[in-house]
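Engineer: Handing you this structure, nothing more for now.
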Protein chains: 2
Amino acid sequence: MEKVNLAQKFALFNEHWSPRIVGEVQDMHVKLVKLKGEFVWHLHEHEDEMFFVVRGPLLIKFRDRDVWLDEGEFLIIPRGIEHLPVAEEEVQVMLFEPKGTLNTGNVQGERTVADLERI
Amino acid sequence: MEKVNLAQKFALFNEHWSPRIVGEVQDMHVKLVKLKGEFVWHLHEHEDEMFFVVRGPLLIKFRDRDVWLDEGEFLIIPRGIEHLPVAEEEVQVMLFEPKGTLNTGNVQGERTVADLERI
């Protein structure tokens with residue numbers, strides 16, 4: 001049982017779109033991820049996903065609207081909803097989602113990271 | 001699906017030790033709580049609990065040691081571990097824990113809040 005300092009953990013990696021596991025709570029993982037650029041449209045069939053923005057602004061596009069998130073804001077995306085994260089500058093996010101959730105959800109391809117590092 | 005701004009939500013209540021529900025992710029609740037003073041020693045038999053500190057410093061006492069948390073830091077307390085949160089000045093915390101988790105865990109009494117408000 002060690003406390004986690006977000007700034008210290010974010011300093012440990014630079015890759016974009018490659019979440020790191022920093023904790024587990026019940027059946028959920030807490031992950032940190034750096035985002036830059038545009039991801040891929042995807043959905044998670046069985047998993048809700050929480051994006052808590054540590055450094056923004058982050059744009060999350062949905063098929064019917066856009067949501068902008070800045071530091072100290074979060075959005076919970078229910079399972080089944082297609083979304084596309086977009087970050088013009090580098091964004092830092094804390095994710096909270098069920099263990100085993102794939103970053104690209106139903107769209108497996110070159111952006112998929114299956115084996116997540118713990119830091 | 002609405003984004004949540006932590007500062008706006010914290011401005012909606014002043015009570016201490018009375019968590020508000022601000023979201024749900026899978027079987028978990030996201031809660032905000034303001035703490036001031038000393039709580040009661042307790043544990044959660046079946047629930048892990050994550051304390052993410054938005055405004056600190058927060059002291060969490062364990063039977064064998066103390067952990068200090070400041071803004072941008074979190075601690076996950078596994079089920080079964082006795083703990084006592086202490087806040088000299090007002091502290092703001094975001095909690096992640098299973099739905100139905102009682103604030104006082106195994107020690108039900110006058111500090112127990114069974115019916116949580118959603119804000």
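The values are calculated or read from the model by the stated rules, or taken from the named source; none is laboratory data. What you see is a predicted model; the values in this text were computed from it and never measured. Using ideal geometry, Cβ is built from the backbone for each residue, glycine included, and neighbour counts are taken over all protein chains shown.
Engineer: State all residues of the range B:85-106 that are within 11 Å of another protein chain (Cβ to nearest Cβ) and either under 13 Å from B:Ser18 (Cα atoms) or of a type in the set (Gly, Ala, Ser) (or both); if no residue qualifies, say none.
Structural biologist: Step one: of the range B:85-106, the residues within 11 Å of another protein chain (Cβ to nearest Cβ) are B:92, B:94-99, B:101.
Result: B:Gln92, B:Met94, B:Leu95, B:Thr101.
Engineer: Look through the range B:73-108, keep the residues that are of a type outside the set (Val, Ile, Thr) and at pLDDT below 95, and return whichever of them is farthest from A:Val54 (Cα to Cα). Steps first, please.
Structural biologist: Pass one, the range B:73-108, residues of a type outside the set (Val, Ile, Thr): B:73-75, B:78-80, B:82-85, B:87-90, B:92, B:94-100, B:102-103, B:105-106, B:108.
Checking the rest, the ones that are also at pLDDT below 95 come to B:100, B:102-103, B:105-106, B:108.
On the way: B:Gly100: 28, B:Leu102: 28, B:Asn103: 26, B:Gly105: 30, B:Asn106: 33, B:Gln108: 35 Å.
Here the residue is B:Gln108.
Engineer: Anything in the range A:16-67 that is charged (D, E, K, R), in a loop (DSSP other than H, G, I, E, B) and more than 10 Å from chain B (Cβ to nearest Cβ)? List them, or say none.
Structural biologist: Initially, the range A:16-67 is screened for residues charged (D, E, K, R), giving A:20, A:24, A:27, A:31, A:34, A:36, A:38, A:45, A:47-49, A:55, A:61, A:63-66.
Retained after the next criterion (residues that are in a loop (DSSP other than H, G, I, E, B)): A:27, A:45, A:47-48, A:63-65.
Passing the criteria: A:Glu45, A:Arg63, A:Asp64.
Engineer: Oh, and also: Given the criterion at pLDDT below 95 and either within 23 Å of B:Leu75 (Cα to Cα) or of a type outside the set (Ser, Thr, Tyr) (or both), identify the matching residue among A:Met1, A:Met28. Can you show your working first?
Structural biologist: Details: A:Met28 fails: at pLDDT below 95.
None of the others qualify; the one that does is A:Met1.
Engineer: Let me confirm something: among B:Val40, B:Val93, B:Val86, B:Val107, which residue is within 13 Å of the chain's Cα centre (by Cα), touching a residue at least 60 places away in the same chain (Cβ under 8 Å) and more than 23 Å from A:Val30 (Cβ to Cβ)?
Structural biologist: Working: B:Val93 fails: more than 23 Å from A:Val30 (Cβ to Cβ); B:Val86 fails: touching a residue at least 60 places away in the same chain (Cβ under 8 Å); B:Val107 fails: within 13 Å of the chain's Cα centre (by Cα).
The unique qualifying residue is B:Val40.
Engineer: Name every residue in the range B:68-84 that is at the interface with chain A (Cβ under 9 Å from one of its Cβ atoms) and more than 22 Å from A:Pro98 (Cβ to Cβ), in order of residue number.
Structural biologist: Step one: filter the range B:68-84 for residues at the interface with chain A (Cβ under 9 Å from one of its Cβ atoms), giving B:68-70, B:72-79, B:81.
Passing the criteria: B:Trp68, B:Leu69, B:Asp70, B:Gly72, B:Glu73, B:Ile81.
Engineer: Please find, among A:Asp48, A:Asp70, A:Asp115, A:Asp64, the residue that is at pLDDT below 95 and among the acidic types (Asp, Glu).
Structural biologist: Working: A:Asp48 fails: at pLDDT below 95; A:Asp70 fails: at pLDDT below 95; A:Asp64 fails: at pLDDT below 95.
It is A:Asp115.
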